[in-house]
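Notes to accompany the following structure.
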Number of protein chains: 4
Amino acid sequence: MCRWLAYSGSPILLEELLYKPAHSLIDQSRHARMGAETTNGDGFGIGWYSTEPTPALFKGIGPAWSDRNLREISSHVRSQLFFAHIRASTGTAVQETNCHPFRFEQWLWMHNGMISDFHRVKRDLTYAVDPSLYSHIEGSTDSEVMFYLALTFGLQDDAPQAVERMVGLVEEVGRKAGIEHPIQMTVATSDGDRTWAFRYSSQHQSRSLFYTSTVQTLRETYPDNPVLELVSDETRIIVSEPLGDLPGVWNEVPESTYGVIQDGDDEMHPFVPLTD
Amino acid sequence: MCRWLAYSGSPILLEELLYKPAHSLIDQSRHARMGAETTNGDGFGIGWYSTEPTPALFKGIGPAWSDRNLREISSHVRSQLFFAHIRASTGTAVQETNCHPFRFEQWLWMHNGMISDFHRVKRDLTYAVDPSLYSHIEGSTDSEVMFYLALTFGLQDDAPQAVERMVGLVEEVGRKAGIEHPIQMTVATSDGDRTWAFRYSSQHQSRSLFYTSTVQTLRETYPDNPVLELVSDETRIIVSEPLGDLPGVWNEVPESTYGVIQDGDDEMHPFVPLTD
Amino acid sequence: MCRWLAYSGSPILLEELLYKPAHSLIDQSRHARMGAETTNGDGFGIGWYSTEPTPALFKGIGPAWSDRNLREISSHVRSQLFFAHIRASTGTAVQETNCHPFRFEQWLWMHNGMISDFHRVKRDLTYAVDPSLYSHIEGSTDSEVMFYLALTFGLQDDAPQAVERMVGLVEEVGRKAGIEHPIQMTVATSDGDRTWAFRYSSQHQSRSLFYTSTVQTLRETYPDNPVLELVSDETRIIVSEPLGDLPGVWNEVPESTYGVIQDGDDEMHPFVPLTD
Amino acid sequence: MCRWLAYSGSPILLEELLYKPAHSLIDQSRHARMGAETTNGDGFGIGWYSTEPTPALFKGIGPAWSDRNLREISSHVRSQLFFAHIRASTGTAVQETNCHPFRFEQWLWMHNGMISDFHRVKRDLTYAVDPSLYSHIEGSTDSEVMFYLALTFGLQDDAPQAVERMVGLVEEVGRKAGIEHPIQMTVATSDGDRTWAFRYSSQHQSRSLFYTSTVQTLRETYPDNPVLELVSDETRIIVSEPLGDLPGVWNEVPESTYGVIQDGDDEMHPFVPLTD
C-alpha cells in the first residue's frame, strides 16, 4: 500500500515533517512499520497550498528516499497546508499520472488502500464519472477514479456526503461483480481551507490512521517544548502511521470514521457509505 | 506529430536503420523534415520479434537521441521484424504507457497523427472498446484507444477491415460532436508474420508515408551495392519519411491506401472507412 | 550548446520569465535562434534564492518543455534572484549531476559553451582544483570543473579575478595540449546578493549574451506599460538570447566583457584572462 | 550495499535467474537477507555477452522490481555469460553512470562493498589511474575507480594480479589517510570468456559470496531434475546471496579468496593484496 501525511497549521518548511522526525515519511518509504509492505518506493508526490489560487504539485517516479529535488523543495518551501504521499503500487504503472495527490481546481486528494479486483470494476466505475469530468482522468489508478467519482457526487459542495456516495457506489458495483470486500481506504482531501480525512473499509479492518492531539493538550503534556509555543493552536497532522513515539501525541482515527480539520473546533463523525 | 519505422526481412541489428542511415530515425528525432514538428523528443519505443512467442518492447520517456540504453540494445539485438517510434506529444503525458508501439498478445501497433479534439470524444470511443479488452488500456493516448477499437473490431482476424471499422467509428463519433476532420493517421500493425501499413485522414491530406522498392528492383538499380546481395528478396521498410536521398529507393504510399508486407507478393489496396 | 537566464530584482513567479514571454526560455528549449543547436533538450535546472541561507535547486534530465514539475514550481515559487538553464549536451551524460546551475554553499554557477577537447585536458584541470574542494565535484562536465577552479582561485572573495584566473589556466593547459581555441563561454555566478555575468572565448567570437536596459530607461521608452511601475529600479535580466523583440529592451554584452548586477549602479568591465 | 549475480554456461533467457527463482535477484531488490540493507532500490544494471564483440549494457535509475524494460529484456534476450547488479547507494548520486556493471572494451566489472571514507582518498586514487584511461571515468563511485585502477594495473593481461595490486593501493592510500579498514568488496569481472570473482575486505569479514556446485555434482544430488540434463557441464552461477534454499547447490566462497570460471576446471585461490 502507501503512506501519507496531511499537515494544516502555521506555515512550516516541508522538511520539518518529511525528513526531520525520527520516523519521518521519508523514513517510512524504506521502513514502514504498519503498512502491507515495508517499502514504499513506487513514486511519491507532494501538494502544497501557498499564496496562489491553486495548490502546487511535485511528483516523482523514483523512490522518495533518494530524490534530490524532493529534498531541495522540502527545505525551501513553506506551506500552511500540504499533503505528502509515498506509493507502493498494487500493480498499476509507476508514472507521474499515478502519483498522489491528485488535483482538480483547488482540491487535492490522496489515498492509501485499494478497490479490490479493480480491473473487473474499472469500466463501470469510470463510466459513472460525470462526462464533463471524464477527460480530466490522466492515470490508471483506482485512487484517481475514486476522486473523480467523489467530484461527480458533489465533493466541492459536501465533501463527506460525496465520499460516502462514492464508497456506496464502489461497494454496490463490487458486490454485483461478486467481490466480497470491495474497498479498503484511508483518504485525505482538501480545498485549501479545510481538510477531511476518512478511514473505512468494507470489512471494517481499515488501514491505520492517526491524528495529533490539539496543540493545547500537547502544551500541557510537554510544557517545556519550545516548538509548541511557536505553532498556532489550530495546527494538526494526520498520518498513516506516527512520525515518532512520543506518548500523548498520536491518536488513532476510529474505524469507519471521518474527521474535519478546520478553523475553530475540529470534528469527528461516523462514516456510512450511501447508496441511492 | 511522430515519426515511425517498420522493418521486415533478413534479421539485422536494429542500429542498421535506427542510427546508421544519413537521415536515420534517431536523426529524425531532432531534425524531422516532413513532420508537423522538427523535434520528436517526447519519448520513444521499439518492439521487436525474435524467437519468443510475443514481441519484446523497450520504451523510454526521454528523447531517443540521448538514450544510452536504446543505443546499446540497437547495437546488440537482431530482429527479422521490428517497429520503432519517436513521439512528439500532442498534449497527453510523457510516460511509458503512452509510448508506441502498443502490444496485445503477439500484436504490435504504432501511430502517427491524431484523433482531433480527442478529449471531446474519448469517453464515447473508449466505451466502444470491448469490455474484456477495456482493462488492458494503460495509457491516455488516442493511439492506444484506436488499437483497442481495432482489436474490438477483429484486428486479429481481418486487420484491414478492423482498421476500416475503427476509422469509421472515429469519424462517426467525431462528426456527431461537430468535428470537421476527425482523424489523421499513418498506422502500422503486425502479428509477427505480416505487417499492415495504413495512410488515411478525414481531409485526405494525410501525413507522409514511404516504402522501399523491392530488393530485386534495388539490385537492378544499384548492381554494385554488396548489402543488397546479403538481404533476402522479401526485405522491406516502411517509414514516415525516407532515411536517405538515394534515388529509386523510396516510394510514397498513395493517399487513402493500405499495404501488406508478407511472404510472397506484397499488396496495396484503397482504404475506405466502414460504418455499420 | 545551452541557453540560460539570470534574474535579479523584485520577487516574481519564475513562470513570468520561463514560460510567459513570446520567446521564453522554455520556447528556446525547442526553438533557440542564436544557439549552435535549435534544440536544448538534454536536461535543465533552476536555482533560486528565497529566505533560506542557501539557494534551492531543481533539476531534470528530460526536456524542459514537457516537464510538469518545472511548470508547477515556476507557477508557485517567487524569487528575487534566480538562474535557469536548459542544456544541449556536447557529449557528457544526461544526468542531474551534469545539469546547471551548480551550487557550492550560497553560490550558484551556470555556463554556456565548452572547454575544447575537454577529455584531453580534464585530468590536468581537475587536479588543479583545491583538494578540499575536489570531492564536491559530482558530475562529469567541463562547466562544473570551471566552477571548482574558480572557487579554488577565490571566487568567494573576488569573483572577476577568480574567473579570469580560471580562464587563464584553461587557456594555458589547453595550449600546451595543442588546442587552438581552448575555451568558449558565457557564465553567470551569484552569491545571492550580486550576480556576475561573463562573455569570453579564446577566439573572441563568443556565444551571444544580452542584458536588459535599466528599468528607468524602459519606463521612459514604454511610459504606458504598467508592469514597469511594479518592478523595482534595480530589476535586471541577463540571457543567452532575448526573450522577445521589443525595441530598446535588450542590449548585447560586448565581446570579452563581464558585468556586475548589484545594489546601486551596475558595472561593466573588460574581461582579461590571468596567468600566474 | 548491493547484490549481484554472474552467470556463465549454456545460453539462457536472463529471466531464468533474474525473476524465476524463489529468491531471485529481483526479489533481493526488495527483500535481501544477507545485505547491509534489505532494500536495493537505487538503480540496477545488466551486462550480457552475445555474438557481438563487446557486451551490451542496460541500466536504470529506478528500482529493478518495477522496471518494465528490464522485465522485457530479461524475457527476450538469451546469453551465455551475463552480469546483473542491483544497487543500494552508499551516498553517491543515483544515475546511470553510477550503475554497475561498468564496461571497458570487452570487459565488464561489478562490485558490492565500498572504499571506506571514499571522499577522503578519491583524489589520490583517481590520480593513480593511467592518464590514457582517466577520461573514460564517467561516474562518481568508488567501484568505477577500482575498475580503472585494475585496468591500469593490467587487468586485461593478468586479472588476479591486477586486482591484488588495486586493492594493495587502496589499502596503502587508505591507511596513510588514517582509515582502519580501507576496503570491503566482492567483485566480478569478465572478458566474455572467463569470469573472475573476488571476496576480500581489509578486516577479513567480507560480504557474502556464493557459487553453485558443478553441474555433475548437482546431477548426482538431483538425478530427476530435467533442467540439469539441459545445461552444459560448464554452467556456473556466482551470487551475493543464494537464489533459493535447495541443499547442496550453494557453496560459500571462502574469505580472502578468488575464483575463476573458465573452460575446463574452474579454480579457487587465496587473494593477497599486493603493494609495490
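Bear in mind that the values in this text are calculations on the coordinates, not laboratory data. Predicted model only: the values in this text are computed from it and were never measured. Note that each Cβ is placed from the backbone with ideal geometry, even for glycine, and that neighbours are counted across all protein chains shown.
The Kirkwood radius of chain D, taken over pairs of alpha-carbon atoms, gives through the Stokes-Einstein law at 4 °C and 1.567 mPa s a diffusion coefficient of 69 µm² s⁻¹. Between the C-alpha center of region D:115-167 and that of region A:211-276 there is a gap of 55 Å. Normalised by 2.2 N^0.38 Å, with N the number of residues, the alpha-carbon radius of gyration of region D:1-149 equals 1.04.
In region D:92-166, the alpha-carbon atoms span a convex hull of 92 Å³ per residue. Beyond 21 Å, the tail of the calculated P(r) for region A:209-276 holds 31 percent of the Cα pairs. Its relative contact order, with pairs defined as Cα atoms under 8 Å and 6+ residues apart, puts chain B at 20 percent. For chain B, find the longest principal axis of its Cα atoms and tell me its angle to the long axis of helix B:159-176, 0 to 90°, nearest 10. With rounding to tens, the tilt is 40 degrees. Hydrodynamic radius of the protein assembly as shown by the Kirkwood approach over all distinct alpha-carbon pairs: 31.8 Å. Starting from the label point of residue C:106 at 7 Å along Cα→Cβ, the same points in the other copies fall at 3.6, 5.8, 6.8 nm, in ascending order. A simple spin-label model places pseudo-atoms 7 Å from Cα toward Cβ; at residue B:205 and residue C:245 they are separated by 2.4 nm.
How much net charge surrounds residue B:43 when only other residues with a Cβ under 11 Å from its Cβ are counted (Lys, Arg +1; Asp, Glu -1)? Once all neighbours under 11 Å are counted, the net charge is -1.
A cut-off under 15 angstrom between Cβ atoms defines the neighbours of residue A:183, and their net charge, with Lys, Arg +1 and Asp, Glu -1, is -2.
Taken residue by residue and averaged, Cβ atoms of other chains lying within 10 Å of the Cβ of B:136-142 number 3. Copy B relates to copy A by a rotation, and the B residue whose beta-carbon is nearest that axis, with the distance in whole angstrom, is B:95, 2. Between copies, the label points at residue D:120 (set 7 angstrom from Cα along Cα-to-Cβ) are spaced 3.9, 6.1, 6.9 nm, reported in nanometres from shortest to longest. Using bins of 5 Å that start at zero, the share of Cα-Cα pairs per bin across region B:147-204 amounts to 4, 19, 28, 24, 14, 7, 3, 1, in whole %.
Volume of the convex hull of region B:136-276 (Cα atoms only), normalised per residue: 132 Å³. Axis of helix B:118-127 versus longest Cα principal axis of chain B: the two differ by about 80°, to the nearest ten degrees. Enclosing the Cα atoms of region B:52-99 in their convex hull gives a volume equal to 93 cubic angstrom per residue. Per residue, chain A reaches -7000 deg cm²/dmol at 222 nm when only DSSP H runs of four or more residues are counted, each adding -39500 (n - 2.57).
Under a Cβ-Cβ cut-off of 10 Å, what is the net charge of the residues other than residue C:24 that fall near it, where Lys and Arg count +1 and Asp and Glu count -1? My count for the surroundings of residue C:24 gives -2.
Most tightly packed first, judged by the mean number of other beta-carbon atoms within 10 Å of their residues, the peptides C:218-231, A:138-151, C:253-266, D:154-167 read A:138-151, D:154-167, C:253-266, C:218-231. Grouping the Cα pair distances of region B:1-87 into 10 Å bins from zero gives a pair-distance distribution of 19, 54, 25, 2 percent in increasing distance order. Sorted from nearest, the other copies put their residue A:272 label points 6.3, 8.3, 8.8 nm away, the label point being 7 Å from Cα in the direction of Cβ. For the peptide D:66-77, the mean number of other protein chain Cβ atoms found within 10 angstrom of a residue's Cβ is 6.
Using only Cα atoms, find the angle between the long axis of helix A:142-152 and the longest principal axis of chain A, and express it within 0 to 90 degrees, rounded to the nearest 10. The helix A:142-152 is inclined about 80 degrees to chain A.
Debye-formula intensities of region A:180-237, expressed as log10 I(q)/I(0) at q = 0.22, 0.26 Å⁻¹, are -0.88, -1.01 (one equal scatterer per alpha-carbon, no solvent). In a simple Cβ point-charge model (Lys, Arg +1; Asp, Glu -1; nothing else charged), chain C has a dipole of about 880 debye relative to its Cα centre. Its Cα centre serving as origin, region B:145-191 has a Cβ charge dipole (Lys and Arg +1, Asp and Glu -1) of approximately 200 debye. If only the Cβ of Lys and Arg carry +1 and only the Cβ of Asp and Glu carry -1, the dipole of region B:10-119 around its Cα centre is close to 200 debye.
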